[in-house]
Amino acid sequence: MKEPLDYADLINRLADKTRRNQAIVLLVGAINARDLAKVTLKPGAKEALIQGLKHANPKVRWWSLQLMDHLADESFIPHILSVLDDPVGKVRRHAVHALTCDVCKPDRCGLGLSASIRTRIEEVAQFDSDERVRKEASTALANWGRA
Ligand SMILES: [Zn+2]
């Protein structure tokens, strides 16, 4: 009999580069961008990724965003938005990327972002304490709607 997946453990493994790739395959069923674009997430995996955004280890938070960037599920949007307040600049920057980048998404089709999300990204571009995060947000605004 197949063991049920321990999603919390798979999320923990995202912090460990020697076990990360295998964890990703078990978690979402794919590893490269092309296959990730076709994945239908199991509810447990989806919830685990959302929990991953609040993990104590910033590497796990970053990798959860990385997977969300490629999976492009619009139900992730409110969760990714809350990461714009993450204490770690590198994580906030990747949250801006995951929300605004089209290149990693299936068919290069970006998320459907509302005007209020644009306003939030404008706030980040102006007020984030980390210059690299502000720059990521400014670049996203400059390319907004230009898929
Ligand atoms: Zn991307």
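The values are calculated or read from the model by the stated rules, or taken from the named source; none is laboratory data. It should be emphasised that the depicted structure is a prediction, and the values quoted were computed from it without experimental measurement. With ideal geometry, Cβ positions are generated from the backbone for all residues, glycine too; neighbour counts draw on all protein chains shown. The area values use the complete protein model at the heavy-atom level, side chains included, leaving out ligands, DNA and RNA. Shrake-Rupley method; radii C 1.70, N 1.55, O 1.52, S 1.80 Å.
Within the option set ILE121, ILE117, being more than 12 Å from the ligand (Cβ to nearest atom) and touching a helix residue (DSSP H, G or I) at 6+ places or on another chain (Cβ under 6 Å) holds for one residue only, ILE121. For the range 32-71, the tally of residues that are open to solvent by 80 Å² or more (accessible area, probe 1.4 Å) and either among the hydrophobic types (A, V, I, L, M, F, W, C) or not in a helix (DSSP H, G or I) (or both) stands at 5.
Pairing each residue of the range 62-91 that is in contact (Cβ under 8 Å) with a residue 12 or more places away in the chain with any residue that is basic (Lys, Arg) and part of a helix (DSSP H, G or I), provided the two are 6+ apart or on different chains, yields C-beta distances under 6 Å for LEU84/ARG92; ASP86/ARG92; VAL91/ARG61. For residues in the range 72-110 being open to solvent by 30 Å² or more (accessible area, probe 1.4 Å) and among the aliphatic types (A, V, I, L, M), which is nearest to the ligand (Cβ to nearest atom)? Among those that are open to solvent by 30 Å² or more (accessible area, probe 1.4 Å) and among the aliphatic types (A, V, I, L, M), it is VAL103.
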